[in-house]
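Accompanying notes for the structure given below.
The values are calculated or read from the model by the stated rules, or taken from the named source; none is laboratory data. Computed from a predicted model, the values in this text were never measured in an experiment. Using ideal geometry, Cβ is built from the backbone for each residue, glycine included, and neighbour counts are taken over all protein chains shown. Surface areas here come from the heavy atoms of the whole protein model, side chains and all, with no ligands, DNA or RNA. Shrake-Rupley method; radii C 1.70, N 1.55, O 1.52, S 1.80 Å.
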Amino acid sequence: MEPWLYVLLSSPLCLTATFFNIVFSFCLMRPVAGVMLRNPLRFLLIVVLFNSTFQQLVNVLTIVMLLFDAPFWLQTLTRALIYQFFCANFSCNAWISIFYYISIVPQQHPIFIWIKRNMNAILYIGFILNQTVLLISLSMGAVILESDLYLFHVANFTYLLYCTCPLFTLLFSWGKTFVYLREHMKKMGQSGESFSQPQQKSQMRVTVTGMVQAALFLPSSLWTIAVAFLYITDLFEMVDPNRFVTMTFCSMSSLGNLLCFGFSQSVFRHGIVSVINKLKRHK
């Protein structure tokens, strides 16, 4: 990808994502009356906005760096940071999908019952552990890129596993949740009940948008997995030498992820409606 094309694609994506990051952060800090958002969901959404915001800042830096001859270490650092923030949000989405799966779908297996009872502790501990693994793999890969090929491949393989696990988690949890809600709707229809309660509508909305998020992450995650494989050979330098394709994929997925949260999460959806209504009253 040519630099001008990277700037052309990344600039509007970055500006749009930054706008929604600001709006959604305001919605989280000052939720409208009647909207309750509890931890660990609130914590995960804060992390998503934090990562997305800093990803956009680093994206801006990569665009600015095209104006001068940036040193190799700075190019490596910015790419590693973009991967860090993007993959961290990928992991957050996986944890959010687990949270909704455990909350919505009745659990019968003793392991899942235990997970549901200890969901907060498991989520926080798991989140810290997988973020630590991501940070170590990217840091090690960036530092030893030119010095130790064996350790670089170890870091690359760890990064590959990290990117693969959330993908399967998203597909499994949202898929199982959707199947449960669809069967539940069929049973209610057969018994003459209406699937119109706000909680049921909210669950279906969250599930459908969660599946959309998984679909949005699919191209970028598959590309990321392919990148990890191509790093083993010299082919990646031929396919994406400047990492512009990879960084553009990350920007597109990040924006799509934000838009899905804006639709699925009531704290964002009602917050935007409230802001629009206030602006109309001031006109």
Practice item. Take region 37-74 and flag every residue that is part of a helix (DSSP H, G or I), closer than 23 Å to E2 by Cβ and among the aromatic types (F, W, Y). Key: F72
**Study point:** Output for region 1-36, where each listed residue is open to solvent by 40 Å² or more (accessible area, probe 1.4 Å) and either of a type in the set (K, R) or assigned to a loop (DSSP other than H, G, I, E, B) (or both)
**Key:** M1, E2, R30, P31, A33, G34, M36
Check your understanding: Hey, any hits in region 117-126 for a residue that's open to solvent by 20 Å² or more (accessible area, probe 1.4 Å), under 27 Å from I102 (Cβ atoms), modelled with pLDDT of 75 or more and not in a helix (DSSP H, G or I)?
Key -> yes
Practice item. Tell me which residues, restricted to region 174-201, are within 20 Å of C260 (Cα to Cα), open to solvent by less than 50 Å² (accessible area, probe 1.4 Å) and modelled with pLDDT under 70. Key: Q200
Point to revise | region 128-154, subset more than 15 Å from R79 (Cα to Cα) and at pLDDT below 75, residue least open to solvent (accessible area, probe 1.4 Å) | key: F152
**Study point:** One residue from S137, S97, S103 being touching a Leu at 6+ places or on another chain (Cβ under 7 Å) and of a type in the set (G, A, S)
**Key:** S97
Check your understanding: Quick check: anything in region 235-244 at positive phi, at pLDDT 70 or above and part of a loop (DSSP other than H, G, I, E, B)?
Key -> yes
Point to revise | Failed item, numbered, when T53 is tested on (1) at pLDDT 85 or above; (2) under 30 Å from S173 (Cα atoms); (3) open to solvent by less than 40 Å² (accessible area, probe 1.4 Å) | key: (3)
Check your understanding: Quick check, is F85 touching an Asp or Glu at 6+ places or on another chain (Cβ under 9 Å) and open to solvent by 20 Å² or more (accessible area, probe 1.4 Å)?
Key -> no
Review point. Here are some residues: S103, S91. Which one is more than 23 Å from I272 (Cβ to Cβ), open to solvent by 30 Å² or more (accessible area, probe 1.4 Å), part of a helix (DSSP H, G or I) and out of contact with any Gly (no Cβ under 6 Å at 6 or more places or on another chain)?
Key: S103
Point to revise | Whichever residue in region 67-82 is hydrophobic (A, V, I, L, M, F, W, C) and within 16 Å of T224 (Cα to Cα) and, among such residues, is most open to solvent (accessible area, probe 1.4 Å) | key: L81
Practice item. Kindly indicate whether I46 is among the aliphatic types (A, V, I, L, M), within 21 Å of C260 (Cβ to Cβ) and surrounded by fewer than 18 Cβ atoms within 10 Å (Cβ to Cβ). Key: yes
